[in-house]
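The values are calculated or read from the model by the stated rules, or taken from the named source; none is laboratory data. These figures come from a predicted structure and were not determined experimentally. Counting neighbours? That spans all protein chains shown, and the Cβs are built from the backbone with ideal geometry, glycine included.
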Ligand SMILES: [Zn+2]
């Protein structure tokens, strides 16, 4: 059975994108009641029950305020990667602001675990065809694998023409990154995201499982993503979100833990770094190349 990739974006309930200014910009994050430690511990227990390792893309802000949590994730054998520092959207900042946020996250997370960080995922999959400069910056700072691409239209970004399975991303100036896009499947001429977020919580289990089975059948590995807050139905709700965002962020929170257990029972999952340790998998990815223009 083909191995799939399990990824967790470690951030708190108040790090939701689109949070109205009245909730999280005027109120400093560190004055809000944190739930990320308990929720992440719960996910660690679930993964331990299934004997599965995952890649944890950690927000630098979380690593600064909860360094012992990050050490504990690493001690459990999971990958520690970066989700940036301040949850900024890459396509809304300058290259220098992006680079500064990346450097700050790598330093904070690296200090927490005592080793270099080599993986990255942008907030909101906000690396797009309009931000080709992001990839050389990632490579310059030692990033070897990236999971920032959403190969379809997305509210905060999206890279619709990118491959929909793991591939080797090349820049026109010669950088290379192993890329793990969030999983989507083509259905009736449209891209159906099945890899995580509101889609994973909303879509019925047979649809999700059928999509992963289909991807594995055609030789593609699925990449699934989840946030610790998604298994926390009692988390506080941010007020003032537009209806569609409120629906997307809070739909079916009470069912996510069960869905995660079902996924881990029915399919094989591993972390990105463990996946890349296998020569066969690396060779397979290297055969699927995608060059991003305008990077030099
Ligand atoms: Zn995020």
> If the Cβ limit is 8 Å and pairs must be 6+ apart or interchain, which residue in region 110-122 that is closer than 18 Å to residue 95 by Cα and touching a residue at least 12 places away in the same chain (Cβ under 8 Å) pairs with which residue that is within 16 Å of the ligand (Cβ to nearest atom) and part of a helix (DSSP H, G or I)?
Replying inline: 120/102; 122/90; 122/134
> Any residue at all in region 74-85 that is free of Cβ contacts under 8 Å to residues at least 12 places away in the same chain, in a helix (DSSP H, G or I) and away from the ligand (no atom under 16 Å from the Cβ)?
Replying inline: yes
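For region 88-116: of the residues being buried (at least 22 other Cβ atoms within 10 Å of the Cβ) and more than 16 Å from the ligand (Cβ to nearest atom), which is farthest from residue 193 (Cα to Cα)? Spell out the reasoning first.
First, the residues of region 88-116 that are buried (at least 22 other Cβ atoms within 10 Å of the Cβ): 90, 98, 102, 105-106, 108-109, 112.
With more than 16 Å from the ligand (Cβ to nearest atom) added as a condition, the list becomes 106, 112.
On the way: 106: 29, 112: 33 Å.
Here the residue is 112.
May I ask you to list the residues in region 66-122 that are at positive phi and in contact with a strand residue (DSSP E or B) (Cβ under 8 Å, 6 or more places away or on another chain)? Steps first, answer last, please.
Narrowing region 66-122 to residues at positive phi: 77, 84, 87, 114.
Of everything in region 66-122, just one residue is at positive phi and in contact with a strand residue (DSSP E or B) (Cβ under 8 Å, 6 or more places away or on another chain), namely 84.
Having 3 or more residues that are at pLDDT 95 or above and within 15 Å of the ligand (Cβ to nearest atom) is the bar; report the helices (runs of 4 or more DSSP H) wholly within region 1-71 that clear it. Lay out the reasoning, then the answer.
Details: elements: 21-24, 36-50, 60-65.
In region 1-71, 36-50, 60-65 are the helices (runs of 4 or more DSSP H) which contain 3 or more residues that are at pLDDT 95 or above and within 15 Å of the ligand (Cβ to nearest atom).
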> Out of all the residues in region 141-153, is one or more buried (at least 21 other Cβ atoms within 10 Å of the Cβ), within 16 Å of the ligand (Cβ to nearest atom), within 15 Å of the chain's Cα centre (by Cα) and assigned to a strand (DSSP E or B)?
Replying inline: yes
> What pairs can you find where one residue is in region 188-217 and closer than 16 Å to residue 164 by Cβ, the other is in a helix (DSSP H, G or I) and at pLDDT below 90, and their Cβ atoms are less than 6 Å apart, with a gap of 6+ or different chains?
Replying inline: 193/199
>> Can you confirm whether residue 222 is surrounded by 14 or more Cβ atoms within 10 Å (Cβ to Cβ), touching a helix residue (DSSP H, G or I) at 6+ places or on another chain (Cβ under 8 Å) and touching a residue at least 12 places away in the same chain (Cβ under 8 Å)?
In response: yes
>> Of all residues being within 14 Å of residue 134 (Cβ to Cβ) and under 20 Å from the mean Cα position of the chain (by Cα) in region 161-176, which is surrounded by the fewest Cβ atoms within 10 Å (Cβ to Cβ)? Just the residue, please.
In response: 162
> Could you say whether any residue in region 261-277 is modelled with pLDDT under 95 and buried (at least 18 other Cβ atoms within 10 Å of the Cβ)?
Replying inline: no
> Could you count how many residues in region 185-215 are part of a strand (DSSP E or B) and under 14 Å from the mean Cα position of the chain (by Cα)?
Replying inline: 2
>> Any residue in region 31-45 that is surrounded by fewer than 17 Cβ atoms within 10 Å (Cβ to Cβ) sitting within a Cβ distance under 7 Å of a residue that is at pLDDT below 95 and in a helix (DSSP H, G or I)? List the pairs, counting only those 6 or more apart or interchain.
In response: 32/14
> So which residues in region 216-241 are in a loop (DSSP other than H, G, I, E, B) and more than 16 Å from the ligand (Cβ to nearest atom), if there are any at all?
Replying inline: 218, 219, 220, 221, 222, 233, 234, 236, 237, 239, 240
